[in-house]
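Since every read-out is calculated from the coordinates, none of them should be taken as a lab result. Fair warning: this is a prediction, and the values are worked out from it, not measured in the lab. Methodologically, a virtual Cβ is constructed for each residue, glycine included, from the backbone with ideal geometry; neighbour enumeration extends over all protein chains shown.
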Amino acid sequence: MNDRPLIDPQVLERLGSLELRARYLVEGTLSGMHASRLSGDNVEFAGHREYVPGEDPKRIDWKAFGRLDRYYIKESLDETNLAVHLAVDCSGSMEYPETGTTKGAYASLLAASLACMALEQGDAAGLYLFPARRVHLPPRASRVYLREIARALETGPREGRASIGAAASELAGMAGRRGLIVLFSDMIDEDPAALDSIIQLSRRGHDVCVFHVLDRSEIGFSASGLTLFCDPESEAQVLVEPDAIREAYLREFGAFLERCRRVCIDAGVDYRLAVTDVPPETALREFLEGRQGRRARA
Amino acid sequence: MSMLQFVNPGFLWLALLGILPPLIHLLGRRKPRRLRFPPFEFVRRCEEKSRSRRRLRSMLLLVLRTLLLVFVPLAIARPFLAAPAAAQGTGFALQVVILDNSMSASQAAGGETALDRMKQRAREIASATSPANRFVLATAANPPALVTPFPAASPDLAREAIGSVKPTYASTSIGGAVGLARGLVEAAAPQSAKGYLLSDLARHAFREAEDLSIGLGDERVSFEIFDPVPNPGQNLSLVSAEVRGTAEGVRITATIANHSRAAAGTEIKVSIAGAALRPAAVEVPARGTAEAVFETAHDRRSPVFAEVALHPDALTQDNVLPFARPPGRETAVLLVNGDPRTVSHADETFYFERALSAGGEGAFVVMSTFPEALPDDLSRFDAIALLNCGPFATAAATRLDEFVRGGGGLLVSAGDHTDPASHNAMGWLPARFPQSASANAAPGLLVPAAGHPALSPFAGGAEGLGVVKITRRFELVPAPGAQVFLETADGRPLSAAGRHGDGRVIVFGSSLDRDWGDWPIRPSYLPAMGAFVKYLSRGREAWETYELRVGEKRVLKIEACPATLRAAGGNPEPQELQCRAENGGAVATVSGPPEPGLYEITTPAGRTAYLVVRTDPAESDLEKTPREEVEAALGIKGRSALRSLVGFGANEGSGPALWSWVLLAIVLVLGAEQWVTRRG
């Protein structure tokens with residue numbers, strides 16, 4: 001594996017739209033990996049639709065053009081053998097930290113990148129945002145669908161308290177046939193059964209992957225000086241001298257991380273700890289390498 | 001019932017520092033930083049779990065730190081349990097305070113003087129003394145004095161006595177005061193005793209290897225040293241002021257000493273009889289001296305009463321120096337030149353005049369004239385020298401006769417122009433001249449009768465005269481009653497002295513220039529000529545000036561009893577001196593006045609003498625004695641230091657010392673504070 005960075009973080013930062021950033025990230029990641037794309041099965045004809053400028057001309061049905069003198073594209077009923085469901089936590093806790101890359105932005109970029117990757121290779125990609133005013137874009141295999149996904153990720157509301165259990169139940173109902181469910185969340189949920197609902201998704205035959213998105217300061221508890229801690233989801237407050245509780249916090253939070261990891265691994269869920277100070281291409285690459293490894297083992 | 005008392009109660013104010021930790025806790029709360037933190041629940045849970053423990057820890061730290069800040073001043077205040085005398089049964093504790101009120105104690109210390117601070121400390125000690133115990137206060141200004149009633153006083157009386165201690169101009173006598181205290185401790189026979197040395201510790205106050213310890217039974221009394229001015233300011237002092245007459249008036253030379261370790265400049269002012277001269281500025285090197293010279297017109301026959309003053313500094317008492325110069329203190333000499341020459345070194349008066357000038361400016365006031373121009377009024381001269389003079393007019397001879405009989409001095413030297421007949425015609429010279437002079441081959445001069453005042457510089461040996469060559473001289477014939485005090489090597493009289501009326505006369509049988517010998521180029525010539533003139537002018541001395549130090553006792557010769565002493569130009573209240581007749585005159589005992597200044601002693605015969613009373617120059621040096629040396633002298637070095645630190649001294653206060661327990665408490669509190677802090 002070449003460690004040379006193929007993604008320039010500054011370029012990535014300057015790219016305004018999430019779609020562009022996702023494409024840039026995917027291109028860089030795949031070229032670095034000597035990409036081995038996922039292959040699909042045979043295609044079942046569904047019908048024709050008019051060509052939209054901007055689409056790949058290779059997809060134009062030239063026979064239809066010869067007959068009708070108009071550009072048509074031949075669509076299949078089921079373009080892919082894989083439906084990728086991207087579930088992104090948009091609760092208030094994902095809007096952290098207040099400066100720099102937030103967990104929500106980091107998760108959105110990873111989700112968009114995965115969507116781009118899936119769509120580029122002909123798979124279907126859908127988006128599910130939770131918890132408030134849930135947004136659901138069902139999986140589709142159209143490449144232009146990436147724009148809608150990216151827009152939803154950018155404009156989706158980021159508020160409310162996350163309920164991973166409810167989100168998982170809803171997603172299970174919507175997902176239908178087996179597919180790849182990728183969950184992006186900080187997993188901060190008061191419900192102790194939240195992890196169980198993720199396990200349920202796995203048991204229903206879905207290939208589940210969890211991106212546990214966290215900021216470094218949450219793991220290391222780097223706050224210092226008298227601090228008024230506020231809950232971003234409930235606005236509760238507590239005044240604490242961080243030095244006085246640092247040891248206890250690190251102990252408790254470490255146990256929480258370990259529990260998440262252990263439960264996921266035991267249930268066959270692909271668990272990925274994504275810390276926002278790690279370059280996103282690194283996270284993406286590790287994910288893809290992990291996928292290849294899993295397929296090889298399967 | 002025992003009473004809690006303190007050795008240093010002044011430090012108890014510092015215990016107010018104990019309110020600092022609660023104040024800081026209440027007022028110094030920081031404004032918290034607000035942070036939206038997703039794993040809030042984890043923080044809240046951890047905070048809830050540790051809340052009670054942290055509150056307890058905070059309270060503990062607050063209490064421990066408050067206790068620390070209270071205990072430290074308490075320990076410095078050195079508490080002890082003062083038991084009443086009845087309870088002690090066997091006696092009382094004695095506080096012995098040696099208070100240095102010498103001149104150096106008047107040095108500035110902040111807005112007050114060092115003495116003020118020492119008195120304040122003495123009051124604190126008296127306040128800390130139990131009413132049942134006793135107090136001794138001895139002052140160390142020379143002569144040392146017991147201020148409290150003998151042998152010891154109650155603390156109340158002691159406080160009154162402390163107030164009565166005044167600053168002095170006297171020198172320091174720590175040894176004397178300690179000696180006084182030794183006797184008092186012995187007389188009072190206390191159960192225990194503690195000493196306090198309140199002094200500026202100036203170097204002059206302590207002599208090397210001096211034992212300042214006080215014994216009580218088999219033990220030495222422990223001493224506490226209090227230095228009110230650890231860092232003394234810069235001090236310059238007037239060491240001396242010398243006044244000499246000049247042809248036009250007087251020349252005043254003031255010597256200023258710098259006792260500091262850095263060079264310093266000062267302004268120096270001189271006033272004569274209240275009239276100020278123009279001030280001068282001098283730069284005095286570190287630990288060195290400098291001179292300032294003032295010249296002014298002044299009638300030499302009038303006395304000089306003057307004062308030199310420096311710009312105020314750390315010690316102002318040594319910045320003023322009065323002095324007096326009696327009238328006619330310099331000898332006015334008239335040289336009558338019998339052989340004037342145009343070449344100066346060939347002139348008859350050339351060597352003689354220079355010999356008189358060589359002894360220092362102002363010692364002699366010399367004027368020259370010729371035999372034909374002898375002034376009508378000779379009374380303004382102390383001595384007249386007739387150098388190689390020819391025949392005299394009768395009127396001139398008569399004026400010389402009156403001059404000598406009135407107390408003047410006359411020196412007659414010979415030469416080529418000497419007219420033996422006219423000299424011999426005077427009839428009152430101590431020697432007659434032969435008709436002619438004769439050659440002399442043998443070198444050297446002899447002193448036939450040792451101890452003649454005209455040869456006072458050679459009292460220790462006349463070796464210097466042995467090389468003098470007199471080639472020609474008159475072989476003098478001494479008159480009856482005259483004293484030959486100088487002879488040529490062949491034993492012939494060369495010089496004779498005698499009295500005429502109140503005056504004195506010397507006849508020298510050879511020349512006093514180089515015509516008849518080489519004496520003028522011999523080293524013995526200068527002192528001999530000075531001594532000749534001083535001997536001759538002694539009949540004109542009017543009064544003496546004596547210099548004394550403050551507190552110094554001196555026996556003075558005066559004309560007659562009774563004698564009184566009073567400040568010149570100041571307090572007219574006279575003080576009668578102890579006086580007794582002795583050897584046809586009288587002697588008076590002067591106990592040095594307590595203040596510097598100019599004093600005069602008067603007798604029934606009129607004014608007799610002036611006393612210039614000055615401060616001890618050593619008092620001006622504020623350099624400190626190393627504390628170790630003082631401790632060694634007091635016998636506390638290495639012995640009581642640890643005792644004093646731990647507070648187990650037998651002589652501590654007047655009861656069991658408690659501050660060692662306070663010290664132990666401090667250590668325990670400090671340990672607890674550290675333990676709680678590290679427990680987090």
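The stretch between B:Glu210 and B:Gln575, if pulled fully straight at 0.36 nm per residue, gains 127.7 nm over its current Cα-Cα span. A Förster radius of 51 Å, combined with the Cβ-Cβ distance separating A:Thr99 from A:Ala193, puts the computed FRET efficiency at roughly 0.90. With θ taken as phi - 60° and the Karplus curve 6.51 cos²θ - 1.76 cosθ + 1.60 applied, the whole-hertz 3J(HN,Hα) list for the range B:266-274 is 8, 9, 10, 10, 10, 10, 10, 6, x Hz, x standing for glycine and proline.
Estimated from the Cβ-Cβ distance and a Förster radius of 35 angstrom, the FRET efficiency linking B:Leu670 and B:Ser127 is about 0.70. The alpha carbons of chain B stretch over 137, 69, 48 Å along the principal axes, in descending order.
The H on the amide N of B:Gly409, modeled in the peptide plane, is under 5 Å from the matching H of B:Ala383, B:Ile384, B:Arg504, each at least 5 residues off or on a different chain. Amide H to amide H, with H built 1.01 Å from N, B:Ala193 comes under 5 Å of B:Leu94, counting only residues 5 or more places away or on other chains. Annotation for the range A:132-185: trypsin sites (Lys or Arg not before Pro) lying in DSSP loop with at most 10 further Cβ atoms inside 10 Å of their Cβ are A:Arg177.
Spin-label model, B:Ser271/B:Thr398: points 7 Å from Cα along the beta carbon direction are separated by 5.0 nm. Of the peptides A:111-118, B:152-159, the order by per-residue mean of other Cβ atoms within 10 Å, starting with the highest, comes out as A:111-118, B:152-159.
Among the listed pairs B:Lys269/B:Lys534; B:Lys194/B:Lys553; B:Lys119/B:Lys269; A:Lys58/A:Lys103; A:Lys74/A:Lys103; B:Lys534/B:Lys557, a Cα-Cα separation exceeding 29 Å is found for B:Lys269/B:Lys534; B:Lys194/B:Lys553; B:Lys119/B:Lys269; A:Lys58/A:Lys103; A:Lys74/A:Lys103. Per-residue mean of foreign Cβ neighbours for A:220-226 is 3 (Cβ atoms of other chains, 10 Å radius).
Computed from label points 7 Å out along Cα-Cβ, the spacing between B:Leu4 and B:Ile24 is 2.5 nm.
In a reduced charge model with +1 at each Lys and Arg Cβ and -1 at each Asp and Glu Cβ, chain B shows a dipole moment near 5120 debye about its Cα centre. Per-residue extension of 0.36 nm, minus the Cα-Cα distance of B:Phe370 and B:Arg51, leaves a gain of 103.1 nm for this segment.
Scanning residues 5 or more positions from B:Leu335 or on other chains, those with amide H under 5 Å from its amide H are B:Met367, B:Ser368, B:Thr369, B:Ala385, with H placed 1.01 Å from N in the peptide plane.
Phi-derived couplings, Karplus 6.51 cos²θ - 1.76 cosθ + 1.60 at θ = phi - 60°, listed residue by residue for the range B:121-128: 5, 5, 5, 4, 5, 5, 5, 7 Hz, with x used for Gly and Pro.
Rounded to 0.05, the FRET efficiency of the B:Val293 and B:Arg341 pair, given R0 = 35 Å and the Cβ-Cβ distance, is 0.55.
Ranking B:Thr316, B:Leu664, B:Trp519 by Cα position along the charge dipole of chain B, where only Lys, Arg, Asp and Glu carry charges on their C-beta atoms, puts B:Leu664 farthest toward the positive end. By the rule of a C-alpha distance below 14 Å, with chain neighbours fewer than 8 residues away ignored, the aspartates and glutamates paired with B:Lys31 are A:Glu241. Within the range B:251-359, the trypsin sites (Lys or Arg not before Pro) that combine a DSSP coil assignment with at most 12 other C-beta atoms in a 10 angstrom radius are B:Arg261, B:Arg301. Remark: mean inter-chain Cβ contacts per residue of A:228-238 equal 6, using a 10 Å Cβ-Cβ cutoff to other protein chain atoms. Using the Karplus relation 6.51 cos²θ - 1.76 cosθ + 1.60 with θ = phi - 60°, the per-residue 3J(HN,Hα) values for the range A:59-71 come to 7, 5, 7, 5, 5, 5, 4, x, 7, 10, 6, 9, 7 Hz, with x marking Gly and Pro.
Taking a point 7 Å out from the Cα of B:Lys31 in the direction of its Cβ, the residues of the range A:216-241 whose backbone N falls within less than 20 Å of it are A:224-230, A:237-241. The trypsin sites (Lys or Arg not before Pro) of the range B:25-127 meeting both criteria, a DSSP state outside H, G, I, E and B (loop) and at most 16 other C-beta atoms within 10 angstrom of the site's C-beta, are B:Arg29, B:Arg30. Taken residue by residue and averaged, Cβ atoms of other chains lying within 10 Å of the Cβ of B:45-56 number 4. With respect to chain B, whose longest principal axis is taken over its alpha-carbon atoms, helix B:174-188 is tilted by about 50°. Does a label point 7 Å from the Cα of B:Phe150, set along Cα-to-beta-carbon, have any residues of the range B:169-204 with amide nitrogen under 14 Å, and which are they? Inside the label zone: B:180-188. With both labels modelled 7 Å from their Cα along Cα-to-Cβ, the B:Thr316 to B:Ser436 distance reads 7.9 nm. Note on chain B: helix-only mean residue ellipticity at 222 nm, from DSSP H runs of 4+ residues weighted -39500 (n - 2.57) and normalised by residue number, equals -7500 deg cm²/dmol. With neighbours defined as other Cβ atoms within 10 Å of a residue's Cβ, the residues A:Leu129, A:Leu228, B:Leu446, B:Leu23 order from fewest to most as B:Leu23, A:Leu228, B:Leu446, A:Leu129.
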